Amino acid sequence: MSLTTAPAASSTDDALASEPQRPRRVPAIGKSFAMFRNGKSLTGLAILGVFVVIAVFAPLIAPYDPLEKDFTALRQGPSAAHWLGTTHMGEDVFSQVVYGTRGVLVVGFLAGIIATFVAVLVGVAAGYWSGWKSESLSALTNVFLVIPGLPLIIIVASQYEDPPLILVAGVLAITGWAWGARVLRAQTMSLRNRDFVQAAKANGEKLWRIIAVEMLPNLTAIIASSFVGTVTAAVLGLTTLAFIGVIPITNLNWGTILFWAQQNGAFPDYWWWYVPAGLCIALLGMALSLINFGIDEYVNPRLRSAGERARAMRKKGLAMDGGVTEVRVGQGSAP
Amino acid sequence: MTTLEFTNVSKRYKVRGAGDMLALDDVSFTLTSGQTIALVGQSGSGKSTIAKILTQLERASSGEVLLDGEPIPHRGPGLRRYRQRVRMVFQDPFASLNPYHTIRHHLERPLRLDKVVPKDQVEDEVRALLERVRLDPDATIDRRPHELSGGQRQRVAIARALASRPELLIADEPVSMLDVSIRLGVLNLLADLQRESDLGVLYITHDLATARHFSDEIMVLHHGVVVERGAADSVILDPQHEYTRALRDASPDPDKHFAAGAASTARS
């Protein structure tokens, strides 16, 4: 234990001292998440995190079973027993909202994962190849881009008595991957001709390695943003479908709550029935959008610096709203 | 002794709506280890096309590239073997290094790909490479390209090219993107490395002055045609082709002073 012989820089940990270059590897992992390290993304992630916790621990949080009927308390306003009141069947709205989070998040994320997977596959391939392969993948993307999502889902869902969640997520993914694929294709095309990709090729790297190791890390921000975008679209799609009654009531989510509220004349008097679910949809949508704004700022530093400039000017007490630069008027002689 | 023969190579690009564009027209030269040839020409003269054909990023439309008398295989282990022996340093060190990866990754990959050293010696070899290009291994190995200066990056790019222990090196305008103040340092480094390992270097540039400083032989390329070639000094001092003369006169000559009037106009 002779501390005097140890190099001063690596102070306490012997494991670190034997491998001085190890600690510097930490930023390598941190860099992948750098896009989330700003106020907007963090706020969005925090809200999203709350919803995830609610979804995971729904049985612990919800005071009642969401479908448990209490016929002594029908259409009652918020009270100590029922924090958000009850439905026309005496079901606890708060419990329904809590359990409904599950359906929304599961379908949203499932659709996001499937859509992102397809988008990366098609987009990167279309961007890396050139010629007819790229053109036909691009044409395919365009076709899916113009397929109207909701009518397609209504048709597919109507074929089933009780469409499973995975099917709903799958159809939402099919209508949602094309936009991400387009953006990824464009970005991959620009990456393909960068010198570092050419250098890797000239070094004799295999195709899959060039794509997976050299190119994909440079696409993470776009992939993440495309993922978040699809989740947002899927959440809105799911709740819309549930609200218009395409998805049966056995699948409990915020949209179903709105569906029952609307069916039983809750608007506008029984506000406790529909406001919480509506707020949750808005809140989740906002959280996801905030995450995406944060990624946008990371990808496009011009947005970031504009925000910083605005903050700096506000600190100095200057207004940013005036779009016109003020010019001090001199003796009045126009040039 | 390695010999790379570039014989009667032509390269045609298809341009949409405009027919063919002849980028290289019947170009031939021979590069042997220990020798430096400078390939001089303006932008669009076909310099980079030669580099791309030599690295097999593009294929020649006609003609042959022979390494030690044998044509380059188009795929498979033969092509990899060729690429291990003939390496390239890219022009722009800001673009040729992957912004996402550390310097360690950039130097490890060729070592692992070509199995230059056993796996447990890769780390030592990376450090040795960094020292060869006069970079401090401890200060650079875990950095990313954006944390280094342009000159440091180009040194890393040179180290990457040397990692597979090539016999021939293609340097595509290796200093044109660097500050004038550090160009000489990088060029001298290349010259030292060449002497140390008896490399054959094809130095592609648009700058006649560095071409003369650095190479034994100069080839002047104009619109895809070699218009003049010869020993470096004779090409510069006694150019035969008018394009070479124009190129030489286009670069400022430190011995010639501007007339007072001309200087003031130039500064304004």
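Please indicate, with yes or no, whether at least one residue in the range B:27-49 is free of Cβ contacts under 8 Å to residues at least 24 places away in the same chain and touching a helix residue (DSSP H, G or I) at 6+ places or on another chain (Cβ under 7 Å).
no
Can A:V183 be described as touching a Ser or Thr at 6+ places or on another chain (Cβ under 9 Å), open to solvent by 30 Å² or more (accessible area, probe 1.4 Å) and not in a helix (DSSP H, G or I)?
no
Please list, ordered by first then second residue, the pairs with beta carbon atoms under 9 Å, 6 or more apart or interchain, first in the range A:181-193 and over 17 Å from A:A115 (Cβ atoms), second open to solvent by 40 Å² or more (accessible area, probe 1.4 Å) and at pLDDT 95 or above.
Within 9 Å, no pair qualifies.
Given the conditions (1) modelled with pLDDT of 90 or more; (2) within 14 Å of chain B (Cβ to nearest Cβ), which single one is not true for A:L42?
(2)
Mind counting the residues in the range B:184-226 that are assigned to a strand (DSSP E or B) and touching a helix residue (DSSP H, G or I) at 6+ places or on another chain (Cβ under 9 Å)?
12
How about the range B:85-113: which of its residues are within 21 Å of the chain's Cα centre (by Cα) and of a type in the set (D, E)?
B:D92
Show me the helices (runs of 4 or more DSSP H) entirely contained within the range B:1-118 in which 2 or more residues are open to solvent by less than 40 Å² (accessible area, probe 1.4 Å) and within 9 Å of chain A (Cβ to nearest Cβ). Outline the logic, then answer.
On the way: elements: B:47-54, B:76-85, B:103-113.
Where helices (runs of 4 or more DSSP H) fall fully within the range B:1-118 and carry at least 2 residues being open to solvent by less than 40 Å² (accessible area, probe 1.4 Å) and within 9 Å of chain A (Cβ to nearest Cβ), they are B:76-85, B:103-113.
Of all the helices (runs of 4 or more DSSP H) wholly in the range A:218-335, which have at least 1 residues that are modelled with pLDDT of 80 or more, open to solvent by less than 30 Å² (accessible area, probe 1.4 Å) and among the small types (G, A, S)? Spell out how you get there, then give the answer.
On the way: elements: A:220-243, A:254-263, A:271-299, A:301-315.
Per the criteria, A:220-243, A:254-263, A:271-299.
Condition first: surrounded by fewer than 19 Cβ atoms within 10 Å (Cβ to Cβ) and modelled with pLDDT under 85. Can you find one or more residues in the range B:149-163 that meet it?
no
Out of the range A:31-77, which residues are among the hydroxyl-bearing types (S, T, Y) and closer than 30 Å to A:T220 by Cα?
The answer is A:S32, A:S41, A:T43.
Within the range B:57-70, work out how many residues are within 13 Å of B:F6 (Cβ to Cβ) and under 16 Å from the mean Cα position of the chain (by Cα).
Looking only at that region, the number is 0.
How many residues does the range A:90-136 contain that are over 25 Å from the mean Cα position of the chain (by Cα) and open to solvent by 50 Å² or more (accessible area, probe 1.4 Å)?
Selection size over the range A:90-136: 6.
If you go through the range B:135-183 one residue at a time, how many are within 11 Å of another protein chain (Cβ to nearest Cβ), assigned to a helix (DSSP H, G or I) and in contact with an Asp or Glu (Cβ under 7 Å, 6 or more places away or on another chain)?
1
Which of (1) under 18 Å from the mean Cα position of the chain (by Cα); (2) at pLDDT 90 or above does B:Q42 not meet, given it meets every other one?
(2)
Only one of these is of a type in the set (A, V, I, L, M, F, W, C), in contact (Cβ under 8 Å) with a residue 40 or more places away in the chain and more than 9 Å from chain B (Cβ to nearest Cβ): A:A169, A:A212. Name it.
The conditions single out A:A169.
Any residue in the range A:24-50 that's within 13 Å of A:A287 (Cβ to Cβ): show its pairings with residues that are of a type in the set (V, I, T) and modelled with pLDDT of 90 or more at Cβ separation under 8 Å, as long as the two are six or more apart or on different chains.
Note: pairs meeting the criteria are A:F36/A:I291; A:K40/A:I291; A:S41/A:I291; A:G44/A:I291; A:L45/A:I291; A:L48/A:I291.
In the range A:137-151, what residues are assigned to a helix (DSSP H, G or I) and open to solvent by 60 Å² or more (accessible area, probe 1.4 Å)?
A:L140, A:N142, A:V143, A:L145, A:V146, A:L150, A:P151
Of A:T43, A:T101, which residue is touching a Phe, Trp or Tyr at 6+ places or on another chain (Cβ under 6 Å) and part of a helix (DSSP H, G or I)?
A:T101
Taking A:G204 as meeting all but one of (1) within 9 Å of another protein chain (Cβ to nearest Cβ); (2) open to solvent by 20 Å² or more (accessible area, probe 1.4 Å), write down the number of the exception.
Single failed check for A:G204: (2).
Does the range B:165-173 contain any residue that is modelled with pLDDT under 90 and open to solvent by 30 Å² or more (accessible area, probe 1.4 Å)?
The answer is no; no qualifying residue exists.
As an exercise: evaluate A:V122 against (1) free of Cβ contacts under 8 Å to residues at least 12 places away in the same chain; (2) of a type in the set (A, V, I, L, M, F, W, C); (3) in contact with a helix residue (DSSP H, G or I) (Cβ under 9 Å, 6 or more places away or on another chain) and give the number of the one condition it does not meet.
With (1) free of Cβ contacts under 8 Å to residues at least 12 places away in the same chain; (2) of a type in the set (A, V, I, L, M, F, W, C); (3) in contact with a helix residue (DSSP H, G or I) (Cβ under 9 Å, 6 or more places away or on another chain) applied to A:V122, the lone miss is (1).
Look through the range B:119-134, keep the residues that are basic (K, R) and without any contact (Cβ under 8 Å) to a residue 60 or more places away in the chain, and return whichever of them is nearest to the other protein chains (Cβ to nearest Cβ). Steps first, answer last, please.
Applying the first criterion (basic (K, R)) to the range B:119-134 yields B:119, B:127, B:132, B:134.
Adding the requirement that they be without any contact (Cβ under 8 Å) to a residue 60 or more places away in the chain leaves B:119, B:127, B:134.
Values: B:K119: 17, B:R127: 10, B:R134: 20 Å.
Within the range B:119-134, the match that is nearest to the other protein chains (Cβ to nearest Cβ) is B:R127.
The values are calculated or read from the model by the stated rules, or taken from the named source; none is laboratory data. All of these numbers come straight from a predicted model, not from anything done at the bench. Please note: Cβ atoms are built from the backbone with ideal geometry, for glycine as well, and neighbour counts cover all protein chains shown. Protein only, heavy atoms only, side chains kept; ligands, DNA and RNA dropped before computing areas. Shrake-Rupley method; radii C 1.70, N 1.55, O 1.52, S 1.80 Å.
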